[in-house]
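Down below is the structure, laid out as structure tokens.
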Amino acid sequence: MQYRERDDKVIIFLVFLQFLFSYISTKIISQDFKLSFKELLYVLITGSFLGFTYNYINIITVLFLYIFLIFLWRNKSNIYEVLIYCSLGMIISVLSDHISSFFRYAIFGNKSSSFKQLLVLHMPMYYIIGLILSSLASYVLKRILANIKNQNKSPIFLTALSCFIWLTYVFSIILIRVSGDQPRLIILNLIFLSLYLILFFGILITYILISQKTYETRRREDEYMYMERYTQDIEKQYNELRKFRHDYQNILTSLEGYLVQEDTAGLKQYFYSNIKKHSDRLMHNEYMLEDLSNIKINGIKSIIATKIIYAQDMGLNANFETSDVITRINMDIILLVRILGILLDNAIEELLYLGYGQLLVGLIKYPDNILIIVQNTCRDNLPNIQTLKKRNFSTKSSNRGLGLSNVSDIIDQCPNVISEIIVDNQLFIHKIFIFDKEK
Amino acid sequence: MLSVFICEDVISQKKQLEKYIKDYIMMEELDMELVLSTDNPYDILAYLKANPNTIGLYFLDVDLKSDITGIGLASEIRELDVLGNIVFVTTHGELTYLTFVYKVEAMDYIIKDTPEKICKRIQECLDIANKRHLNDQNSEKKLFKIKTGSSVRYIDHSEIMFFESGLAPHKVVLHLRNSQIEFYHTINELANIGDEFYRCHKSFVVNKNNIQNINKAEKIIEMVNGETCLISSRAMKGLLE
């Protein structure tokens with residue numbers, strides 16, 4: 001809005017109100033409802049400062065406003081999200097200002113920019129429209145960001161898009177200010193601004209739909225690959241079994257030979273040198289994936305099979321067990337597969353680091369829930385669980401620190417899923433309870 | 001007195017178990033008695049129904065020649081004797097370790113190995129069960145009852161660092177010395193479970209006995225296990241008094 005009455009105090013106050021609104025809007029969009037005295041003080045001071053400078057730099061104030069906003073948010077989230085929040089907050093602030101101006105002109109005509117009218121008519125309308133838009137944007141953005149996070153992507157595209165739209169807005173309001181604050185121009189500008197916003201959401205939705213499709217395809221490919229490896233492994237085991245049956249036949253025949261000849265000494269020697277060896281081999285790891293056939297959900301079966309086969313290939317002691325047939329789990333399977341992937345990767349890494357130990361994975365069916373356990377040997381001096389769960393924490397110095405915090409994020413999203421973590425006695429145990437009914 | 005039960009369908013092995021157990025109880029003068037040794041799982045259930053206050057230590061074979069397995073029997077024993085200790089005797093090795101431990105909350109399992117090893121393992125189980133039993137009897141421990149999954153657990157107050165309300169509604173995270181347990185509850189009532197608990201923040205209830213250090217500048221409480229929780233300015237005054 002442009003202020004016709006050159007009253008400094010009034011302008012300071014109005015600019016301050018606009019800054020206050022941008023702050024509230026950004027708070028709503030970022031869903032940060034914590035109030036702090038420090039923040040309010042910051043808004044009060046910078047808002048008044050911006051009001052003073054408005055007389056000298058006019059509409060350029062809006063850029064400073066944006067920068068102050070980013071500065072205030074800088075530590076609340078990662079920089080990409082902060083830029084989205086602040087840009088969207090500013091976009092909504094400008095848009096509601098325009099809509100409000102449009103109504104003011106429509107109802108009261110051209111000469112309605114007096115201080116009193118601005119304060120009584122414009123500001124309340126501006127706040128109401130703005131709050132509605134912010135809540136809407138906050139709802140949509142939350143879902144979009146969750147979607148992006150689920151696909152393990154960075155929101156950089158969204159950041160670029162919102163910054164771009166915001167800069168276009170700035171450009172267009174500076175332009176309109178240079179050519180004077182005509183009602184017609186305001187309407188024209190409003191149309192442009194709305195078009196931009198629609199374009200923004202249009203591009204965004206298309207982008208998300210496309211990326212969701214590619215994600216889905218990739219996931220299916222992965223699943224197919226896992227299933228193939230699982231089938232190969234089953235075949236390998238089947239061949240082992242055939243070989244064993246063949247050996248077994250031979251053993252029986254030779255035993256019979258010794259018995260017919262009543263050669264006890266030979267029998268004894270034969271038993272200890274040949275048969276005992278076989279019985280030891282029977283207990284060996286590679287026969288322990290048979291329980292996997294109890295899981296009737298392909299995604300879950302394949303992720304467990306792949307990781308355990310991988311661990312066994314690496315020479316680790318890894319087993320899976322379930323005594324129940326699992327046909328249904330009350331949780332988005334894609335999310336569960338992600339959780340299992342992270343937990344199993346962590347476990348395998350830890351065992352590779354240690355060079356010894358055991359990985360146990362189990363599914364247990366209770367009357368009203370299913371329990372998934374991932375248990376592995378771990379080092380003695382592991383930090384406390386709170387530290388392990390921190391974002392960006394990793395026991396290795398490399399760049400993958402999203403492990404456990406991601407798992408907690410997913411579980412927080414599911415009201416019927418709870419977890420338990422135990423780090424004790426060189427064992428790391430992660431339990432996940434999935435309830436059949438929503439709690 | 002702890003009652004010891006055996007359910008094993010191979011007579012020779014059953015006799016062997018009986019001998020190991022009786023000898024060890026006598027030798028160590030444990031407060032235990034072998035009350036029932038049988039090959040029929042229903043005998044144990046009948047005994048428990050007739051003597052409802054029994055706290056037992058059960059040695060069960062997994063493969064019983066009956067219409068229920070040792071695991072099924074264990075689940076039914078659990079219903080009748082919540083505090084009992086169950087030990088499986090099995091040939092299966094580690095094949096179903098997690099099932100033993102979690103499905104029926106078995107105390108331990110013994111692999112049918114050489115007689116000396118079996119004997120040693122049985123003695124260990126008797127010792128552990130005895131220690132637990134004595135602990136439960138003599139302690140003045142204050143316990144917090146919590147339901148996770150399908151089982152009810154009792155947690156010693158001194159193990160509790162703090163409660164934290166979760167991001168999802170109705171979920172509360174219980175921070176213990178070495179573990180974190182989520183359960184369904186609201187944080188509001190948790191400050192009332194004992195005098196040592198204090199609502200230090202909208203989302204936290206802290207155990208005052210386990211505080212290591214209070215960082216006044218950053219409004220953080222450090223616990224004895226190194227974890228931290230938040231404290232509000234208002235609660236800070238209350239806590240320091």
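The values are calculated or read from the model by the stated rules, or taken from the named source; none is laboratory data. What you see is a predicted model, and the numbers here were worked out from it, not measured in a lab. Ideal geometry is used to build each Cβ from the backbone, glycine not excepted, and the neighbour counts take in all protein chains shown. Note: areas computed on protein heavy atoms with side chains; ligands, DNA, RNA excluded. Shrake-Rupley method; radii C 1.70, N 1.55, O 1.52, S 1.80 Å.
Of the trypsin sites (Lys or Arg not before Pro) in the range A:292-384, the ones in a loop by DSSP (not H, G, I, E or B) with at most 10 other beta carbons within 10 Å are A:328. Comparing A:105, A:80, A:238 in a Gaussian network model of chain A (Cα springs below 10 Å), the most mobile by mean-square fluctuation is A:238. Remark: for residue pairs A:243/A:301; A:213/A:431; A:236/A:307; A:142/A:431, the C-alpha separation exceeds 20 Å in A:243/A:301; A:213/A:431; A:142/A:431.
Scattering from the range A:289-439 was approximated by placing one identical point on each alpha carbon and applying the Debye formula without solvent; log10 I(q)/I(0) at 0.15 1/Å stands at -0.77. Straight-distance candidates among the aspartates and glutamates for linking to residue A:268, with alpha-carbon spacing under 19 Å and chain neighbours fewer than 8 residues away dropped: A:247, A:256, A:280.
With a Förster radius of 51 Å applied to the C-beta separation of residue B:151 and residue A:108, the computed FRET efficiency comes to 0.15.
For the range B:125-241, build the charge dipole from Cβ charges (+1 Lys, Arg; -1 Asp, Glu) around the Cα centre, then report which of B:186, B:161, B:217 sits farthest towards its positive end. Value: B:186. When only the Cβ of Lys, Arg, Asp and Glu is charged (+1, +1, -1, -1), the dipole of the range A:289-439 relative to its Cα centre reaches about 360 debye.
Comparing A:347, A:160, A:318 in a Gaussian network model of chain A where C-alpha atoms under 10 Å apart are linked, the largest mean-square fluctuation is found at A:160. In the full protein context, the protein assembly as shown carries 52 Å² of accessible surface per residue, based on a 1.4 Å probe and ignoring ligands, DNA and RNA. Using only alpha-carbon positions in the range B:2-138, the gyration tensor eigenvalues give semi-axes of 19, 18, 15 Å once each is multiplied by 5 and square-rooted (largest first). Using the Cα centre of chain A as origin and beta-carbon charges of +1 (Lys, Arg) and -1 (Asp, Glu), tell me which of A:317, A:205, A:418 is placed farthest towards the positive end of the dipole. The residue sitting farthest along the positive end of the dipole is A:205. The label-point distance for residue B:111 and residue B:33, in a model that sets each label 7 Å from Cα toward Cβ, rounds to 3.6 nm. At full extension, residue A:67 and residue A:199 could sit 45.0 nm farther apart than now, given 0.36 nm per residue minus the alpha carbon distance.
Derived from the Cα gyration tensor, the three semi-axes of the equivalent ellipsoid of the range A:8-218 are 31, 21, 14 Å, largest first. Under 20 Å from a point 7 Å along the Cα-to-Cβ line of residue A:45: which residues of the range A:66-82 have their amide N that close? So the set is A:66-76. For the residues A:138, A:36, A:405, a GNM of chain A with alpha-carbon springs under 10 Å puts the largest fluctuation on A:36.
Over the C-alpha atoms of the range A:140-238, the Rg to Rh ratio, Rh being the Kirkwood estimate, stands at 1.34.
Here chain A is scanned for GluC sites (Glu not before Pro) in DSSP loops (not H, G, I, E, B) that have at most 14 other Cβ atoms within 10 Å, and the longest stretch holding none of them is A:6-261. Dividing the Cα radius of gyration of the protein assembly as shown by its Kirkwood radius returns 1.11 for Rg/Rh. Of the chymotrypsin sites (Phe, Trp or Tyr not before Pro) found in the range A:286-366, those that fall in a DSSP loop while having at most 10 other beta-carbon atoms within 10 Å are A:356. Label positions at residue B:222 and residue A:142, each projected 7 Å from the Cα along the C-beta direction, are separated by 3.6 nm. Chains B and A together bury some 3000 Å² of accessible area, summed over both sides, with a 1.4 Å probe. On chain A, 62 percent of the accessible area sits on carbon and sulfur atoms, based on a 1.4 Å probe. Just to verify a number: FRET efficiency for residue A:58 and residue A:153, C-beta to C-beta distance, R0 = 30 Å, to 0.05? The pair residue A:58/residue A:153 has a calculated efficiency of 0.15. For chain B, the Cβ-based charge dipole about the Cα centre amounts to some 1040 debye (Lys, Arg positive; Asp, Glu negative; other atoms uncharged).
Close lysine pairs were tallied over the range B:143-240: pairs 8 or more places apart or on different chains with Cα atoms under 29 Å apart number 19. Would you work out which of B:128, B:52, B:64 lies farthest towards the positive end of the dipole of the range B:43-133, given +1 charges on the beta-carbon of Lys and Arg and -1 on that of Asp and Glu, about the Cα centre? Farthest along the dipole direction, towards plus: B:128. Taken about its Cα centre, the protein assembly as shown carries a charge dipole of roughly 3860 debye when the Cβ of each Lys and Arg holds +1 and the Cβ of each Asp and Glu holds -1.
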